[in-house]
Amino acid sequence: MADDGKRGFPDARQDVEVARSIPDTPQTRAPAYRLAYADPDFLCRDEMRGVRLQLELMKPDLGMREYGIESTVVLFGGARIPQPSERHKARTETLADLSRYYDEAREFARLMTLKGQQGNGLSHVIVTGGGPGVMEAGNRGAADAGGVSIGLNIVLPHEQRPNDYVTPDLCFNFHYFGIRKMHFLMRAAAIAIFPGGFGTLDEMFEALTLIQTRRMDPVPFLLFGRNFWDRLINWDALAEAGTISRADLDLFRYVETAAEAVEAIETWAPPG
C-alpha cells in the first residue's frame, strides 16, 4: 500500500481525465454518468448549497495559507470614489471632494505593506473587495510598495473586472456575501473604513457588531474622515438612547491621513 497519505486510491484528478477518454455511448453521454465532483450542473443544484458554501470557504482559505498570508489589513470604502485626477468624472461635487481619500487609501496601503515586509512572513497584507475606487487605491498602494495584496470580488449584476493591482494568485471570486465577509475578517489585524455607500456601511457595522459582541477579537478600527461619518451617523444619539453603550464608542477612532492611521495601529492597545 502506498505510503503517501492516499492509501493507494486513484487520484481524483486522474479519474477526471480518464472519464474524458471513455467510449462515447448513450450511457456515458447521460448526465447521471458524470463524476459528481466534476458535474457543474449537479453542483449548482439548490440542494448542494451547503457544499458550495463549504467550497467558497475552503478555496480562498487554502489559497491564502499556501501563499503564506499570516495577517491582513482590511480596506473598506466606496467603489465610486475617483482618483483625484479623475474627480471631474464624479457624479456629485461631494463625491469629487472625497477623491482625496483615494490618495490616502493608496498611501496607507503602501505604508502598511512596507511594514508587513519587515518580518519573515506575509503580515499586514492589504485586502480589499477587488473593485474600483477605494478598493483599487488599496491594491495599488500595495503594488507601489512592491508587495502583494488580496482582492475578494463578488459576482454582481453590474460586475466589473477586478482592478489591475490585485495580485493574480490572490484574486478570488465569490457567490455568497456571507462567506466573503468571513474571509475579510478571518485574518484581520486592522480594519480601515473609508467613505462609502451601502456596502461600506454593511461591512463596517457587521465588523463592529462582531467586536462588540466578542465574536471577534478587537483590532485597530479606523474611520477615515470624521466629517463624513459624523454627518452620516449620530453615534452619540445611539449611546444616549441606550441602544449601544458609551464604551462601544471606543471600539473605533477617527483618522484623517495615512500617516495618522499607521501611527494609530502602531500605538493601539486592546480595550480594557
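Modelled spin labels at Met182 and Asp24, positioned 7 Å past Cα toward Cβ, are 4.2 nm from each other.
Order of 211-221, 229-239 by packing, highest average Cβ count within 10 Å first?
Working: 211-221: 15.2, 229-239: 12.8.
Packing proxy ranking, top to bottom: 211-221, 229-239.
Judged by the mean number of other Cβ atoms found within 10 Å, the most tightly packed of the peptides 165-171, 146-152 leads the ranking 146-152, 165-171.
Which of rounded, prolate or oblate describes the range 175-272 when judged by the alpha-carbon gyration tensor and an a/c cut-off of 1.5? Kindly include the intermediate steps, with their values, before the conclusion.
On the way: a/c = 1.21, a/b = 1.09, b/c = 1.11.
Rounded is the answer for the range 175-272, as its axis ratio a/c remains below 1.5.
Within straight-line reach of Lys59, meaning a Cα separation under 14 Å, sit the following aspartates and glutamates at least 8 residues removed in sequence or on another chain: Asp169. Counting neighbouring Cβ atoms within 10 Å and putting the fewest first, the residues Glu266, Glu107 line up as Glu266, Glu107.
What number, in percent, do you get for the relative contact order of the chain if the mean sequence gap of Cα pairs under 8 Å and at least 6 apart is divided by its residue count? Each step should come with its number before you reach the end.
Numbers: 414 pairs, mean separation 45.8, N = 272.
17 percent.
Semi-axes of the equivalent ellipsoid for the range 68-266, computed as √(5λ) from the eigenvalues of its C-alpha gyration tensor and ordered from largest down, come to 24, 20, 17 Å.
Determine which aspartates and glutamates satisfy two conditions relative to Lys181: a Cα distance under 14 Å, and not lying fewer than 8 residues away in the same chain. Partners found: Glu56, Asp61, Asp202, Glu203, Glu206.
Coordinate-derived values only; no laboratory data. From a predicted model like this one, the values you see are computed outputs, not experimental measurements. A quick note on method: Cβ atoms are made from the backbone with ideal geometry, for glycine too, and the neighbour counts reach across all protein chains shown.
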